[in-house]
Amino acid sequence: MKIICNTARLNEACQNVQRAVSSKATMPAIEGILMKAEAGQVRLTGYDMDMGITTVQEARVEEDGAIVLNARLLCDILRRLPGETVSIEADPRQLCTIRCGEVEYQLVGIDAKEYPELPTVTEEVPVLIDSETLEKMVKQTIFAVSTNDTKVVHTGIKFEVSENTLKLIAVDGFRLAIRTESINYTGEPLSFVVPAKTLSEVIKLIDEAEVVALKVAARHIVFEVGAYALISRLLDGEFLDYNAAIPKAHSTEVEVDTKTIISAIDRMSLMISDRVKSPLRCVFDENVIRMSTSTTIGAANDKVPAKIEGNRVEIGFNNRFLLDAFRACDLDTVKVTLNGPLSPITVVPVEGDSFLFLVLPVRLRNEK
């Protein structure tokens, strides 16, 4: 194999592909990037057996071929090369020579035959999503994904695709996040769960395209983002019946300025840490939300003006969970609904149903 390509473009492609490379593998080949040259282009692939990223870059191919090179070392070299073009040549012994100006490296590669094949997804009709919309939806739900592997299906985000509608759902046992958007889709309804790690990597590639194409099979999904294709396994298991978790009625309704309540929770959070834990006490009454917390290092109090209708409620929360929910809101004003001190709180738009964030309360010390 022998190729000549633009150094900056090859470097950028390798850095992106490297994110799918396994750092601790029993199979040496998947610690590398597969480089395959043919027909005026070079295909780069990284794959950790759960997720793979592949891309095709233009190159002057003087000899077809393929080799696997250690991903970390290859990326470190490309990042430091001084010239505009780089040549990469591999011989039948898997010895690879990288040249750029006066710089020359020789790397011992691995036979491309040892690299595992990526799964194939043959779905011909993709789901097309505006890239900014997908990025926003993922960022507004991924905070609620479970980090506990006891129920693996909840370590991902559930996608529900129906006629002209896309819904993303995340849950971790203490909170729930739902985002809904309109899309142009008239195919069969789809439901699948994508690992959070996969979606984090998709978001990093999002600048590459205006539209992301999703191709879904029984066990895998492909995200086509510009010049990149990211393939991932889907998560199996029974996802929470999230509709049953949402309260059907409420006794208190609140409208509050989003930035104001975020700032107040943030101030209260200065007194709470993993070392000194304490609930954030919130009293909803008489058009004011009174917040307070008391720990071994001190206490704090604050008031937030709000429009409150219904019963007085005194309720406790994990401060970080409540803060995450309000930070995920992209509106100036939001509606909060409550049904007493022991039922979940929901944060929704004043009008519409583009999002719903649910947080379970924590028991306050004076409650029995």
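Read-outs throughout are calculated quantities, based only on the coordinates presented, and are distinct from any laboratory measurement. Everything numeric here is computed off the predicted structure, so don't read it as measured data. Cβ sites come from the backbone with ideal geometry, for glycine too, and all protein chains shown count toward neighbours.
Per-residue HN-Hα couplings for the stretch 187-193, Karplus 6.51 cos²θ - 1.76 cosθ + 1.60 at θ = phi - 60°, whole Hz, x for Gly and Pro?
Once rounded to whole Hz, the list reads x, 5, x, 10, 8, 7, 10.
Give the long-range amide H neighbours of I289: residues separated by 5 or more places, or on another chain, with amide H under 5 Å away, using H modelled in the peptide plane at 1.01 Å from N.
The answer is V304, A306.
Figure the gain on full extension for S263 and T333 (residue separation times 0.36 nm, minus the Cα-Cα span) and round it to one decimal in nm.
Working: separation 70, 0.36 × 70 = 25.20 nm, distance 1.38 nm.
Stretched out fully, the S263 to T333 stretch lengthens by 23.8 nm.
³J(HN,Hα) across the stretch 299-310 via Karplus (A = 6.51, B = -1.76, C = 1.60, θ = phi - 60°), whole Hz, x for Gly/Pro?
Listing the rounded values in order: 9, 8, 9, 7, 10, 10, x, 7, 8, 10, 10, x Hz.
Relative contact order for the chain using alpha-carbon pairs under 8 Å, separation at least 6, rounded to a whole percent? Display every interim value, and only then the final one.
Details: 851 pairs, mean separation 45.1, N = 368.
With pairs under 8 Å counted, the relative contact order is 12 percent.
Want the number for M49 to S294: 0.36 nm per residue separation, take away the alpha-carbon distance, what's left?
Values: separation 245, 0.36 × 245 = 88.20 nm, distance 4.75 nm.
Length gained, M49 through S294: 83.4 nm.
So for the stretch 247-359, Kirkwood radius off the Cα pairs, Stokes-Einstein at 37 °C and 0.692 mPa s: how many µm² s⁻¹?
On the way: Rh = 14.1 Å.
Translational D for this selection: 233 µm²/s.
Can you give the convex hull volume of the alpha carbon atoms of the stretch 118-207 per residue, in Å³? Let's see the in-between values first.
Numbers: hull volume 10.1 nm³, N = 90.
Expressed per residue, the convex hull around the Cα atoms of the stretch 118-207 is 112 Å³.
Report the residues of the stretch 162-183 in range of a label on D353: point 7 Å along Cα→C-beta, backbone N strictly under 20 Å from it.
So the set is 162-171, 176-183.
Post the alpha-carbon centroid distance, the stretch 1-41 to the stretch 220-258, in whole angstrom.
If we compute the Cα centre of each part, the gap is 33 Å.
How large is ³J(HN,Hα) for each residue in the stretch 164-181, as worked out from phi by the Karplus curve 6.51 cos²θ - 1.76 cosθ + 1.60 (θ = phi - 60°), to whole Hz, x for Gly and Pro?
Karplus values, whole Hz, x for Gly and Pro: 6, 9, 10, 10, 10, 10, 9, 8, 10, x, 10, 7, 9, 10, 10, 10, 10, 9.
Using 0.36 nm per residue of separation minus the Cα-Cα distance, give me the extension gain between K277 and A249 in nm, one decimal.
On the way: separation 28, 0.36 × 28 = 10.08 nm, distance 3.10 nm.
In short, 7.0 nm is gained.
Once you put a point 7 Å from the Cα of K204 and another 7 Å from the Cα of R60, both along the Cβ direction, what distance in nm separates them?
Here the modelled spin labels are 3.2 nm apart.
For S278, enumerate residues with amide H under 5 Å from its amide H, sequence gap 5+ or separate chain, H modeled in the peptide plane.
Answer set, sorted by chain and number: S273.
Going out from 0 in 5 Å bins, what whole percent of all Cα-Cα distances in the stretch 2-114 drops into each bin?
Result, from short to long distances: 2, 14, 25, 28, 21, 8, 2, 0 percent.
Mind ranking 230-236, 21-27 by how tightly packed they are, going by the mean number of other C-beta atoms within 10 angstrom, highest first?
Result, highest mean Cβ count within 10 Å first: 230-236, 21-27.
Given (1) 32, 24, 21; (2) 40, 29, 18; (3) 49, 23, 18, which label gives semi-axes √(5λ) of the Cα gyration tensor in Å as computed from the coordinates?
(3)
Would you please give the residues with an amide H less than 5 Å from that of V334, counting only those at least 5 places away or on a separate chain, with H modeled from the backbone geometry?
V256, T258
Taking a threshold of 19 Å on the Cα-Cα distance, which of the pairs K167/K259; K136/K158; K139/K167; K158/K259; K2/K24 fall above it? Show your work: numbers first, answer last.
On the way: K167/K259 25 Å; K136/K158 15 Å; K139/K167 13 Å; K158/K259 28 Å; K2/K24 29 Å.
Among K167/K259; K136/K158; K139/K167; K158/K259; K2/K24, the Cα-Cα distance tops 19 Å for K167/K259; K158/K259; K2/K24.
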